[in-house]
Amino acid sequence: MAQTNKHDSNFDWAQKHSADKEALLLAIIQENSQLPEKEQERYQELWRKCENETLSEDELTEYQALLSQLEARNLKRIEALITLAQEREKTLGEVTAELGLKEGINAF
């Protein structure tokens, strides 16, 4: 009987650890899904100007800095998604669909 309790205790720990890890991964995915609101708005504004080819030199520098931030966030998000998919033993596409995320590498 003592053996069963030890097994149950290990199983409970493994389940909790797995749940904690999944919660952390989901937080990383959420946190890195976009820039903070003010920066996201500025990025969109600069993106429109870039599309219209009306960026000044300073705006281009600012836009490039925001793009670098987005790329870094995107990398963290994708790494967390891949790890989550591995934890759930599912494909990246399945996990992305389950979470209701946009498809594609850059979903900003």
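The values are calculated or read from the model by the stated rules, or taken from the named source; none is laboratory data. Fair warning: this is a prediction, and the values are worked out from it, not measured in the lab. As a convention, Cβ positions derive from the backbone with ideal geometry for all residues, glycine included, and neighbour counts pool all protein chains shown.
Considering the conditions (1) among the small types (Gly, Ala, Ser); (2) more than 12 Å from the chain's Cα centre (by Cα); (3) surrounded by 15 or more Cβ atoms within 10 Å (Cβ to Cβ), GLY93 is excluded by exactly one of them, (3). Mind checking whether some residue in the stretch 56-70 is among the hydroxyl-bearing types (Ser, Thr, Tyr), surrounded by 13 or more Cβ atoms within 10 Å (Cβ to Cβ) and under 16 Å from the mean Cα position of the chain (by Cα)? Within the stretch 56-70 (the criterion being among the hydroxyl-bearing types (Ser, Thr, Tyr), surrounded by 13 or more Cβ atoms within 10 Å (Cβ to Cβ) and under 16 Å from the mean Cα position of the chain (by Cα)), the answer is no, since none of the residues qualifies.
Results for (1) at pLDDT 95 or above; (2) acidic (Asp, Glu), shown as yes or no for each residue.
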position	(1), (2)
MET1	no, no
THR4	no, no
ASP8	no, yes
GLN15	no, no
SER33	no, no
ARG42	yes, no
LYS49	yes, no
SER56	yes, no
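Within the stretch 60-96, the set of residues being in contact (Cβ under 8 Å) with a residue 12 or more places away in the chain and polar (S, T, N, Q) comprises GLN69, ASN74, THR83, THR96.
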